[in-house]
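Chemist: Submitted below is the structure of interest, expressed as C-alpha coordinates.
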Amino acid sequence: MDYPLQNKTVAFVATDGVERVELEQPRGALYGAGARSEILSIHPGEIQARQFDLNAAGTFPVDRLLADASVDDYDALVLPGGTMNPDQLRMNKDAVAFVKAFVESGKPIGVICHGPWTLVEADAVRGRRLTSWPSVRTDLRNAGAEVVDEEVVIDGQFTSSRSPADLPAFCAAIIDQFTRAPSRAA
(Lines give C-alpha, C1' and ligand atoms only; values in the text may rest on other atoms or scores of the structure.)
Protein backbone atom coordinates (compact mmCIF):
# COMPACT_ATOMS: atom_id res chain seq x y z
CA MET A 1 0.00 0.00 0.00
CA ASP A 2 1.07 3.54 -0.71
CA TYR A 3 0.98 6.05 2.15
CA PRO A 4 1.91 9.35 0.52
CA LEU A 5 1.24 11.33 3.71
CA GLN A 6 3.27 9.11 6.02
CA ASN A 7 5.21 11.24 8.52
CA LYS A 8 2.92 14.25 7.94
CA THR A 9 0.68 15.75 10.61
CA VAL A 10 -2.44 17.71 9.77
CA ALA A 11 -4.16 20.18 12.11
CA PHE A 12 -7.95 20.33 12.09
CA VAL A 13 -9.09 23.61 13.63
CA ALA A 14 -12.64 23.20 14.93
CA THR A 15 -14.96 23.89 17.83
CA ASP A 16 -18.55 23.25 18.87
CA GLY A 17 -20.91 23.17 15.92
CA VAL A 18 -18.48 21.60 13.46
CA GLU A 19 -20.27 19.76 10.67
CA ARG A 20 -19.43 16.15 11.59
CA VAL A 21 -19.00 14.83 8.06
CA GLU A 22 -16.71 17.75 7.12
CA LEU A 23 -14.30 16.80 9.90
CA GLU A 24 -14.72 13.04 9.85
CA GLN A 25 -14.44 12.30 6.11
CA PRO A 26 -11.32 14.41 5.39
CA ARG A 27 -9.70 13.12 8.57
CA GLY A 28 -10.41 9.52 7.55
CA ALA A 29 -9.13 10.09 4.02
CA LEU A 30 -5.93 11.68 5.31
CA TYR A 31 -5.48 8.84 7.82
CA GLY A 32 -5.92 6.34 4.98
CA ALA A 33 -3.11 8.13 3.13
CA GLY A 34 -0.83 7.78 6.16
CA ALA A 35 -1.22 11.17 7.86
CA ARG A 36 -1.55 11.83 11.56
CA SER A 37 -4.04 14.48 12.61
CA GLU A 38 -4.89 16.51 15.66
CA ILE A 39 -8.00 18.48 16.51
CA LEU A 40 -7.09 21.93 17.77
CA SER A 41 -9.80 23.93 19.49
CA ILE A 42 -10.57 26.96 21.59
CA HIS A 43 -11.52 24.89 24.65
CA PRO A 44 -10.31 21.59 26.13
CA GLY A 45 -12.25 18.34 26.40
CA GLU A 46 -14.58 17.55 23.55
CA ILE A 47 -16.24 19.53 20.80
CA GLN A 48 -19.87 19.00 19.88
CA ALA A 49 -20.48 18.03 16.26
CA ARG A 50 -23.64 18.77 14.28
CA GLN A 51 -25.38 17.32 11.25
CA PHE A 52 -26.82 19.93 8.87
CA ASP A 53 -26.25 22.49 11.67
CA LEU A 54 -29.45 21.36 13.37
CA ASN A 55 -28.96 17.90 14.83
CA ALA A 56 -26.52 16.83 17.51
CA ALA A 57 -24.00 14.41 15.96
CA GLY A 58 -21.73 13.28 18.78
CA THR A 59 -18.40 14.66 19.93
CA PHE A 60 -14.72 14.67 19.04
CA PRO A 61 -11.92 14.80 21.63
CA VAL A 62 -9.71 17.89 21.49
CA ASP A 63 -6.02 17.04 21.12
CA ARG A 64 -4.60 20.50 21.83
CA LEU A 65 -5.70 24.03 22.57
CA LEU A 66 -5.06 26.55 19.81
CA ALA A 67 -3.40 28.79 22.38
CA ASP A 68 -0.80 26.04 22.96
CA ALA A 69 -0.34 24.99 19.32
CA SER A 70 2.51 25.91 17.00
CA VAL A 71 2.27 26.04 13.21
CA ASP A 72 5.72 24.40 13.19
CA ASP A 73 4.15 21.15 14.48
CA TYR A 74 1.96 20.67 11.40
CA ASP A 75 2.41 20.08 7.69
CA ALA A 76 -1.09 21.11 6.63
CA LEU A 77 -4.36 22.54 7.97
CA VAL A 78 -8.03 21.71 7.43
CA LEU A 79 -10.83 24.15 8.29
CA PRO A 80 -14.14 22.26 8.28
CA GLY A 81 -17.44 24.09 8.26
CA GLY A 82 -20.80 24.00 9.87
CA THR A 83 -22.22 27.43 10.54
CA MET A 84 -21.57 27.69 14.29
CA ASN A 85 -18.02 26.32 14.20
CA PRO A 86 -16.28 28.97 12.05
CA ASP A 87 -18.51 31.71 13.45
CA GLN A 88 -17.04 31.02 16.90
CA LEU A 89 -13.51 30.53 15.57
CA ARG A 90 -13.46 33.90 13.77
CA MET A 91 -14.28 35.63 17.07
CA ASN A 92 -11.46 33.89 18.97
CA LYS A 93 -8.05 35.62 18.92
CA ASP A 94 -6.10 32.36 19.30
CA ALA A 95 -7.92 30.71 16.38
CA VAL A 96 -7.48 33.72 14.11
CA ALA A 97 -3.81 34.09 15.08
CA PHE A 98 -3.11 30.39 14.40
CA VAL A 99 -4.84 30.48 11.01
CA LYS A 100 -3.07 33.73 10.07
CA ALA A 101 0.30 32.23 11.01
CA PHE A 102 -0.51 29.10 9.02
CA VAL A 103 -1.32 31.17 5.95
CA GLU A 104 1.92 33.12 6.38
CA SER A 105 3.86 29.83 6.60
CA GLY A 106 2.81 28.95 3.05
CA LYS A 107 1.79 25.44 4.08
CA PRO A 108 -1.31 23.94 2.41
CA ILE A 109 -4.79 24.61 3.75
CA GLY A 110 -8.01 22.77 2.94
CA VAL A 111 -11.23 24.65 3.65
CA ILE A 112 -14.84 23.68 3.06
CA CYS A 113 -18.35 25.10 3.39
CA HIS A 114 -18.41 27.92 6.01
CA GLY A 115 -14.74 27.32 6.90
CA PRO A 116 -13.50 30.35 4.91
CA TRP A 117 -14.98 32.71 7.52
CA THR A 118 -11.86 32.20 9.64
CA LEU A 119 -9.66 32.96 6.62
CA VAL A 120 -11.65 36.16 6.04
CA GLU A 121 -11.10 37.21 9.67
CA ALA A 122 -7.37 36.48 9.28
CA ASP A 123 -7.33 38.80 6.22
CA ALA A 124 -6.02 35.93 4.10
CA VAL A 125 -8.34 35.82 1.06
CA ARG A 126 -7.55 39.07 -0.77
CA GLY A 127 -6.59 38.25 -4.35
CA ARG A 128 -7.25 34.52 -3.88
CA ARG A 129 -9.66 32.33 -5.85
CA LEU A 130 -11.99 30.31 -3.57
CA THR A 131 -15.34 28.60 -3.33
CA SER A 132 -17.59 28.13 -0.30
CA TRP A 133 -21.12 27.61 0.88
CA PRO A 134 -23.32 30.15 -0.98
CA SER A 135 -24.04 32.36 2.07
CA VAL A 136 -20.30 32.90 2.68
CA ARG A 137 -19.54 34.11 -0.85
CA THR A 138 -20.47 37.76 -0.25
CA ASP A 139 -18.12 37.86 2.76
CA LEU A 140 -15.34 36.41 0.60
CA ARG A 141 -15.97 38.96 -2.18
CA ASN A 142 -16.06 41.82 0.31
CA ALA A 143 -12.72 40.62 1.68
CA GLY A 144 -11.18 40.73 -1.80
CA ALA A 145 -11.46 37.12 -2.98
CA GLU A 146 -12.46 35.95 -6.43
CA VAL A 147 -15.37 33.61 -5.72
CA VAL A 148 -16.38 30.78 -8.02
CA ASP A 149 -19.04 28.07 -7.83
CA GLU A 150 -17.02 24.90 -8.40
CA GLU A 151 -16.68 21.53 -6.64
CA VAL A 152 -13.01 22.09 -5.78
CA VAL A 153 -10.86 25.18 -6.30
CA ILE A 154 -7.08 25.11 -5.90
CA ASP A 155 -5.26 28.44 -5.63
CA GLY A 156 -1.73 28.25 -4.32
CA GLN A 157 -1.82 26.90 -0.80
CA PHE A 158 -5.65 26.90 -0.63
CA THR A 159 -7.92 24.01 -1.62
CA SER A 160 -11.59 24.92 -1.14
CA SER A 161 -14.94 23.20 -1.63
CA ARG A 162 -18.58 24.24 -1.27
CA SER A 163 -20.38 21.65 0.85
CA PRO A 164 -20.58 18.07 2.10
CA ALA A 165 -21.72 17.05 -1.40
CA ASP A 166 -18.20 17.93 -2.59
CA LEU A 167 -16.39 15.80 0.00
CA PRO A 168 -15.20 13.02 -2.35
CA ALA A 169 -13.51 15.56 -4.63
CA PHE A 170 -12.30 17.66 -1.68
CA CYS A 171 -10.70 14.67 0.05
CA ALA A 172 -8.90 13.59 -3.13
CA ALA A 173 -7.69 17.14 -3.75
CA ILE A 174 -6.32 17.72 -0.24
CA ILE A 175 -4.49 14.39 -0.28
CA ASP A 176 -2.89 15.43 -3.57
CA GLN A 177 -2.07 18.96 -2.39
CA PHE A 178 -0.79 17.87 1.03
CA THR A 179 1.36 15.15 -0.62
CA ARG A 180 3.02 17.74 -2.89
CA ALA A 181 3.87 20.03 0.02
CA PRO A 182 7.31 19.68 1.59
CA SER A 183 7.37 17.98 4.97
CA ARG A 184 8.28 20.10 7.97
CA ALA A 185 11.78 19.70 9.31
CA ALA A 186 12.04 16.77 11.67
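The values are calculated or read from the model by the stated rules, or taken from the named source; none is laboratory data. This one's a predicted model, so the numbers in the text were calculated from it and none came from an experiment. Quick reminder, even Gly has a Cβ in these numbers, built from the backbone with ideal geometry, and neighbours come from all protein chains shown. Surface areas here come from the heavy atoms of the whole protein model, side chains and all, with no ligands, DNA or RNA. Shrake-Rupley method; radii C 1.70, N 1.55, O 1.52, S 1.80 Å.
Chemist: Can you give the convex hull volume per residue for the Cα atoms of segment 120-175, as a whole number of Å³?
Modeler: On the way: hull volume 4.2 nm³, N = 56.
About 75 Å³ per residue, rounded to a whole number.
Chemist: Next question, about the same structure. If you average the sequence gap of Cα pairs under 8 Å that are 6 or more apart and divide by the length of segment 31-186, what percent do you get for the contact order? All intermediate terms of the calculation are to be shown ahead of the outcome.
Modeler: Details: 277 pairs, mean separation 28.4, N = 156.
In percent, rounded to a whole number, it is 18.
Chemist: Given the C-alpha centroids of segment 90-145 and segment 52-73, what is the distance between them in whole angstrom?
Modeler: 17
Chemist: Let me ask another. Let me check I have the definition right: for segment 23-119, take the eigenvalues of the Cα gyration tensor, multiply each by 5, take square roots. What are those semi-axes in whole Å, largest first?
Modeler: Details: eigenvalues 74, 54, 36 Å².
Rounded to whole Å, the semi-axes are 19, 16, 13.
Chemist: Same structure, new question: Kirkwood hydrodynamic radius of segment 1-67 from all distinct Cα pairs, in Å? Mind showing how you got there, number by number?
Modeler: Working: mean 1/r = 0.0807 Å⁻¹.
Kirkwood radius, segment 1-67: 12.4 Å.
Chemist: For the chain, what does -39500 (n - 2.57) per DSSP helix run (n ≥ 4), summed and divided by total residues, give at 222 nm, in deg cm²/dmol to the nearest 500? Walk me through the intermediate numbers first.
Modeler: On the way: 6 runs with 58 residues, N = 186.
After summing the helix terms and dividing by the residues of the chain, the value is -9000 deg cm²/dmol.
Chemist: Another question, if that's okay. Just to be sure I understand: of the beta bridges DSSP finds with both ends in the chain, what percent are antiparallel, rounded to 5? Don't skip to the end; give the middle numbers.
Modeler: Values: 9 of 30 bridges.
Here the antiparallel bridges make up roughly 30 percent for the chain.
Chemist: Here's a follow-up. Indicate, rounded to the nearest 5 percent, the antiparallel portion of the DSSP beta bridges found entirely in segment 1-98.
Modeler: Numbers: 5 of 17 bridges.
Within segment 1-98, antiparallel bridges account for around 30 percent of the total.
Chemist: Further question: For Cα extents along the principal axes in Å, one of [x] 65, 41, 27; [y] 85, 49, 33; [z] 40, 34, 30 was computed from the structure I shared and the rest are decoys. Which label?
Modeler: [z]
Chemist: Enter the accessible area per residue of the chain (Å², integer; probe 1.4 Å; all protein chains in place).
Modeler: Details: 8140 Å² over 186 residues.
So the chain comes to 44 Å² accessible per residue, rounded to a whole number.
Chemist: Keeping all protein chains in position, work out how much accessible area Asp75 exposes to a 1.4 Å probe, and write it in Å² to the nearest 10.
Modeler: Using a 1.4 Å probe on the heavy atoms, I get roughly 10 Å².
Chemist: On to the next question. How large is the accessible surface of Arg141 in square angstrom, using a 1.4 angstrom probe and rounding to the nearest 10?
Modeler: 130
Chemist: For segment 70-123, what is the convex hull volume of the alpha-carbon atoms per residue, in Å³?
Modeler: Numbers: hull volume 3.4 nm³, N = 54.
Residue-normalised Cα hull volume stands at 63 Å³.
Chemist: If you don't mind, another one. Can you list residues whose amide H is under 5 Å from Thr159's amide H, if they're 5+ apart or on another chain and H is modeled 1.01 Å from N?
Modeler: Amide H neighbours of Thr159: Ile109, Gly110, Val111.
Chemist: Given Ile175, Pro80, Ala124, which one lies farthest toward the positive end of the charge dipole of segment 66-176, if we put +1 on the Cβ of every Lys and Arg and -1 on the Cβ of every Asp and Glu?
Modeler: It is Ala124.
Chemist: Can I ask one more? Using a 1.4 Å probe on the protein heavy atoms, what percent of the accessible area of the chain belongs to carbon and sulfur?
Modeler: Values: 4020 of 8140 Å².
The C+S portion of the solvent-accessible surface of the chain is 49 percent.
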